[in-house]
Every structure is written in structure tokens, then in C-alpha cells.
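Engineer: A single structure is presented below for examination.
The values are calculated or read from the model by the stated rules, or taken from the named source; none is laboratory data. Predicted, not measured: the structure shown is a model, and the values here were computed from it. In this analysis, Cβ positions are derived from the backbone assuming ideal geometry, glycine residues included, and neighbour counts consider all displayed protein chains.
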Amino acid sequence: MASIKHTCTTITSMHPLYLQLKEQIRSSILDGTYPPHSQMPSESDMVKSFNVSRTTVRQALRDLQSDGLIVKVPGKGSFVSRPKATQELISLQGFGEAMIAKGHETFSTFLGARETIENSTVRSKLKCEGTDIMEIRRLRYLNREPISVDITYVPCSIGRRLVLEDLATQDIFVILENKYGLQLGRAEIQLESILSDEALSRLLKIEVGSPILRMERLTYTAEDAPIDYEHIYYRGDALKYMINLRRN
């Protein structure tokens, strides 16, 4: 079982003790000090290590459990879980926008790009007959674990600029709106469950044949012109969607 180093000297009076303790444990989970499925130190050990009360420890652990970072097993203690984020499909947001707002850490690595995609479906979706199309591939991370492979198609006039941007830390949606002045309006989304192939499994660090969630999203500008078409492949064990429906 991993042990917590004595860190009480880093706890100050600026914020409630349980929040400070929560953030320290959260950082240890995200940086791999406590890997997924490992057992956390006991409450008694945390009380001694951090020089805080048992009430403070329990409140911090309750919050971490609510955030999905740990699970409590009766009679055995607390264990690190693989965080499963929830994205609400109630507004048009990029993945990074949605996850950062919920306190998650997210970034991307650039896998590559290519021009002149001869794909009739992509051309039809973007209404780009006779216009070159750029394909941009990224591997996205959530809390330092790979969560999705994103394949984005945009007209080359936009794509040639996008590949020069900081796609590691910025959502394409944010760049399109804030830097290029392209106001986004709506998106059409299709979701389906598929099994991962060898290429996706290698990138997402899962076994071949694991269930993954495939999202197809076509985004339009405020003037209702298609601007961004994506295929996104999410790990099935790391993300869930919440949709609010109202009866007319």
C-alpha cells in the first residue's frame, strides 16, 4: 500500500483544511503517486501524516468520492478509481471547455494532419465540393490518461491556420470563435458503441476489442454553414454523457 509523506507544512489557513487536503490527495492521484485501483492509506494514517482531524479527512475523502476519484469498499477502505467524467449535452462546447469547467485536467497531443481528403462523405457534410479539406488528428487526455482520438475535418483555408495553433491546450471551437471570428451556432451529433481496433487500442491504452463510444459531430456557424466535421472515439470506461430532455 502506498504511503502518504508528511506534508502538513504545506497546509495553510488560506482555505478550509479539508479542501487543502482534498487537493493534495487529488494531485497525488493525478500524478500517479496513487495509481488506479491502489488502496489509499487509512483515515488514521492520514490524520497522523497531515496533522488534521478525522473529520477533516472524512470530508476530503467524501468530496473525492463524489468527484469519482476514489471508491469506498466497506470493511476494506478507500481505493483509487479511474476517473469517469460526465459531459452534459445541453450546450455546444468543446471537450476541453466542458471538462475544465468541472475541474478536470485536459490536454491534447497532435498526431498529424493532411490535406486533400478524397472522401465523398466528408465533402458532402462540409459542402466543400471542389475545395480542399484538411484532416487533423489529436489524442486527447483527461486527468493525464488518454481518453479520445479526435479526427477533425475542416476546409483547408481554416485547417492550414489551425495546425499552427496551440492545439495541445486550446479547443478548436475556442480558436474558431475567439481568433477567427467564426461564431458557432449548432451541431448535429450521432453516438454509437463500437469495438476498438488495433490502432485505436494502442493510442487509448486499452485492449483490442474493448467497447468505445464513437461520436460523429457536424458543427455549423451561426449563419448555419457547416464548418467542422468530427469523428471522436472515446474510451468506454472513462466518460459518460448526461442529456436533459423536456417534454413539449
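Engineer: Among the candidates 205, 240, single out the residue that is at pLDDT below 95 and on the phi > 0 side of the Ramachandran plot.
Structural biologist: Sole residue among the options that is at pLDDT below 95 and on the phi > 0 side of the Ramachandran plot: 205.
Engineer: Within region 129-148, take every residue that is modelled with pLDDT of 85 or more and among the charged types (D, E, K, R) and give me the one that is surrounded by the fewest Cβ atoms within 10 Å (Cβ to Cβ).
Structural biologist: The selected residue is 132.
Engineer: When you go through (1) under 15 Å from the mean Cα position of the chain (by Cα); (2) under 12 Å from residue 228 (Cα atoms) one by one for residue 171, which number turns out not to apply?
Structural biologist: Looking at each condition in turn, residue 171 falls short on (2).
Engineer: Could you tell me whether residue 193 is assigned by TED's automatic domain parsing to the domain that holds residue 233, under 20 Å from residue 127 (Cβ atoms) and loosely packed, with under 14 Cβ neighbours inside 10 Å?
Structural biologist: No: the conditions fail for residue 193.
Engineer: Now for a different question. For region 237-248, how many residues meet the condition of being part of a loop (DSSP other than H, G, I, E, B) and either among the charged types (D, E, K, R) or surrounded by 14 or more Cβ atoms within 10 Å (Cβ to Cβ) (or both)?
Structural biologist: Within region 237-248, residues that are part of a loop (DSSP other than H, G, I, E, B) and either among the charged types (D, E, K, R) or surrounded by 14 or more Cβ atoms within 10 Å (Cβ to Cβ) (or both) number 4.
Engineer: Please work out if residue 55 is closer than 28 Å to residue 204 by Cβ, surrounded by fewer than 14 Cβ atoms within 10 Å (Cβ to Cβ) and either touching a strand residue (DSSP E or B) at 6+ places or on another chain (Cβ under 6 Å) or at pLDDT 90 or above (or both).
Structural biologist: Answer is no for this residue.
Engineer: As an exercise: evaluate residue 83 against (1) modelled with pLDDT under 70; (2) more than 26 Å from residue 199 (Cα to Cα) and give the number of the one condition it does not meet.
Structural biologist: (2)
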